[in-house]
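Some notes on the structure that comes next.
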Ligand SMILES: O=C(O)CCC(=O)C(=O)O
């Protein structure tokens, strides 16, 4: 699928490099509205900021999640419409990713979960910081092209496997400094990381998994009931997708839509 309608280069970059940096995706007014919502969510949830990176979906409060998803959708959808055929993209959920000011807030190199059948089409993850970001407050680093070297099935129970040591990965990474409201679109599978936030304040960003509208949303899962050497692919709604992170099989209704071989160390594909 061509993700970005009028911008052939952007779609090509997403396919070839695995990412694309869009400057000024949100306007300053959009950023102010998203920051207002972020402050309200912090007030309502009453969760301590903590030291480690966290996402608001995992607060497990469905009212707060609905407030975030609804509020952010009204801000992001019109902007996405300008650069993409929004009818062809499903934003699965809209969330805040928060990096507290702490030496423990690093996210090491990883590739996000697969949320589609990647032998057919990949999903994308959209990352939109609400502050200017740089190497000191935990900006994003990406490894160009790495999405082509990661196993296609990645989930809570099936880690991403990529060649090379973390140090090599860090050396081949590109740092993406952003202005508040920029968007980095990453192909699912792109290896990326963000260093600890060494500033004085938390660093919020929007975090949005997205898939082509004509692809089912998949939750890959395995436990003791899964046949040895296989991973279950369950077709899920966005609500089930979120619930499955905490509730596992209880959130997955019925049998999987398919079984896929579990990737192993030697042959990630
Ligand atoms: O928010 C960040 O610092 C990075 C987000 C990220 O890497 C992720 O959600 O996979």
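The values are calculated or read from the model by the stated rules, or taken from the named source; none is laboratory data. This is a predicted model, so every value here is computed, not measured. Here the Cβ positions follow ideal geometry from the backbone for every residue, glycine too, while neighbour counts run over all protein chains shown.
Those residues that are in contact (Cβ under 8 Å) with a residue 60 or more places away in the chain, away from the ligand (no atom under 11 Å from the Cβ) and either within 23 Å of residue 20 (Cβ to Cβ) or crowded, with 21+ Cβ neighbours inside 10 Å (or both), I need them from the range 131-142; list them, please.
To start, the set of residues in the range 131-142 that are in contact (Cβ under 8 Å) with a residue 60 or more places away in the chain comprises 131, 133, 135-138, 142.
Cutting the leftovers down to away from the ligand (no atom under 11 Å from the Cβ) gives us 131, 135-136.
Within the range 131-142, 131, 135 meet the criteria.
Let's see how each residue does on (1) part of a loop (DSSP other than H, G, I, E, B); (2) exposed (fewer than 14 other Cβ atoms within 10 Å of the Cβ):
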{"position": "186", "(1), (2)": "no, no"}
{"position": "199", "(1), (2)": "yes, no"}
{"position": "214", "(1), (2)": "yes, yes"}
{"position": "220", "(1), (2)": "no, no"}
{"position": "224", "(1), (2)": "yes, yes"}
{"position": "232", "(1), (2)": "no, no"}
{"position": "242", "(1), (2)": "no, no"}
{"position": "259", "(1), (2)": "no, no"}
{"position": "264", "(1), (2)": "yes, yes"}
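Screening residue 113 against (1) under 22 Å from residue 239 (Cα atoms); (2) at pLDDT 95 or above; (3) outside any loop (DSSP other than H, G, I, E, B); (4) within 16 Å of the ligand (Cβ to nearest atom) leaves a single unmet condition, (3).
All of 88, 155, 102 fail the test of being more than 24 Å from residue 181 (Cβ to Cβ), more than 9 Å from the ligand (Cβ to nearest atom) and at pLDDT below 95, apart from 155.
All conditions in (1) away from the ligand (no atom under 14 Å from the Cβ); (2) surrounded by 20 or more Cβ atoms within 10 Å (Cβ to Cβ); (3) in contact (Cβ under 8 Å) with a residue 60 or more places away in the chain hold for residue 236, with the sole exception of (3). For the residues 27, 62, the requirement of being more than 24 Å from residue 198 (Cβ to Cβ), touching a helix residue (DSSP H, G or I) at 6+ places or on another chain (Cβ under 9 Å) and free of Cβ contacts under 8 Å to residues at least 40 places away in the same chain singles out 62.
Note on the range 30-52: among residues that are surrounded by fewer than 20 Cβ atoms within 10 Å (Cβ to Cβ) and touching a residue at least 60 places away in the same chain (Cβ under 8 Å), the one that is nearest to residue 111 (Cα to Cα) is 49.
Checking the conditions here, which among 126, 206, 190 is over 20 Å from residue 56 (Cα atoms), at pLDDT 95 or above and within 11 Å of the ligand (Cβ to nearest atom)?
Working: 126 fails: over 20 Å from residue 56 (Cα atoms); 206 fails: over 20 Å from residue 56 (Cα atoms).
Exactly one of 126, 206, 190 is over 20 Å from residue 56 (Cα atoms), at pLDDT 95 or above and within 11 Å of the ligand (Cβ to nearest atom), namely 190.
Selection of the range 129-177 for residues being closer than 16 Å to residue 204 by Cα and part of a loop (DSSP other than H, G, I, E, B) yields 130, 131, 132, 134, 135, 136, 137, 138, 139, 177.
Kindly provide the set of residues from the range 111-130 that are surrounded by fewer than 15 Cβ atoms within 10 Å (Cβ to Cβ) and touching a strand residue (DSSP E or B) at 6+ places or on another chain (Cβ under 7 Å), ordered by number. Step through it out loud before you land on a result.
Filtering the range 111-130 for residues surrounded by fewer than 15 Cβ atoms within 10 Å (Cβ to Cβ) gives 119-121.
Of everything in the range 111-130, just one residue is surrounded by fewer than 15 Cβ atoms within 10 Å (Cβ to Cβ) and touching a strand residue (DSSP E or B) at 6+ places or on another chain (Cβ under 7 Å), namely 121.
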